[in-house]
Amino acid sequence: MTSDFLKKFLGPAQVEAALDEVSRLAGSRSNVALAGGVAMQLYGSNRLTTNVDVIAPDDIPGLERVKPLSFGGWQCRDSHGTVIDVIVRNDEYRDLYDDALLRAQPISCMDILVARPEHLVVMKMQAGRRKDEDDIVSVLKAGTVDLDLAKTLVRQYLGRASVKDLESYVKEAEWRRAEEEK
């Protein structure tokens, strides 16, 4: 039963193959950026994931569309069957995702850009699910987030009141770090 349970999560080879295919199909490194669970793992989250999320300005031709995403974009599959969520926001958060794509950074081990951890924190705060809150605390605990930049982005895209929410996550991350050091 345990092996069946673990089979639903992506392994490193699946992630690498999916990202290689997305990068090749997108044609330009600046056209897509890794986001979601796989990006959060790069910055310190240890949560397993079942799909690859990428931010894009539009559809990525060559990926098989499965269904539309409720928040914008499409759930797709690569040629190996790996689920790839191509996130294309056309709502009140479009500017956040456009900025995340514009400011995404290269990672030496991949041929694709990755959204900055500060943008990922804001995206996770906007999504507001329990697993997103856990991801936020994990990356804050890992120390990979520029807190001043994160506060600026939260204020800009989620509003002033949300900065207090970020500060609560920071306190929880500090508490968890201290507990681990005991």
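Laboratory data are not the source of any read-out in this text; all were calculated from the coordinates shown. Bear in mind that the values here come from a model prediction, so they are computed numbers and not experimental data. Every residue, glycine as well, gets a Cβ built from its backbone with ideal geometry; the counts of neighbours run over all protein chains shown.
Details
- Over segment 45-151, the pair-distance histogram of Cα-Cα distances with 5 Å bins from zero comes to 2, 11, 19, 24, 23, 14, 5, 1, 0 percent, rounded to whole numbers.
- Distances between placed amide hydrogens fall under 5 Å for Gly73 paired with Val88, all partners being 5 or more residues away or on another chain.
- Sequence-separation-based contact order of segment 80-182, relative, with Cα cut under 8 Å and 6+ spacing, percent: 21 percent
- The Cβ shell under 14 Å around Val139 holds other residues with a net charge of -1, Lys and Arg each +1, Asp and Glu each -1.
- Stretch gain in nm, segment Val163-Glu181, where the contour uses 0.36 nm per residue and the Cα spacing is subtracted: 3.8 nm
- Taking Cβ atoms as reference points and 15 Å as the exclusive limit, the residues near Ala178 contribute a net charge of 0, counting Lys and Arg as +1 and Asp and Glu as -1.
- Histogram of C-alpha separations across segment 101-159, 5 Å bin width, %: 4, 19, 25, 27, 17, 6, 1
- Peptides 69-82, 139-152 ordered by average Cβ neighbours within 10 Å, highest first: 139-152, 69-82
- Using the empirical formula 2.2 N^0.38 Å as the baseline, the Cα radius of gyration of segment 12-71 reaches a ratio of 1.14.
- The equivalent ellipsoid of the chain has semi-axes of 27, 20, 14 Å, largest first, where each one is the square root of 5 times an eigenvalue of the Cα gyration tensor.
- Taking the number of Cβ atoms within 10 Å of each Cβ as an exposure proxy, the fewest-first ranking of Leu158, Leu166 is Leu158, Leu166.
- Of all DSSP beta bridges in segment 2-181, antiparallel share, percent nearest 5: 70 percent
- For Lys141, the lysines whose Cα falls under 21 Å of its own Cα, not counting residues fewer than eight places away in the same chain, are Lys124, Lys131, Lys151, Lys164, Lys171, Lys182.
- In this structure, the amide hydrogen of Ile84, modeled 1.01 Å from its nitrogen in the peptide plane, lies closer than 5 angstrom to those of Val52, Cys76, Arg77, Asp78, counting only residues at least 5 positions away or on a different chain.
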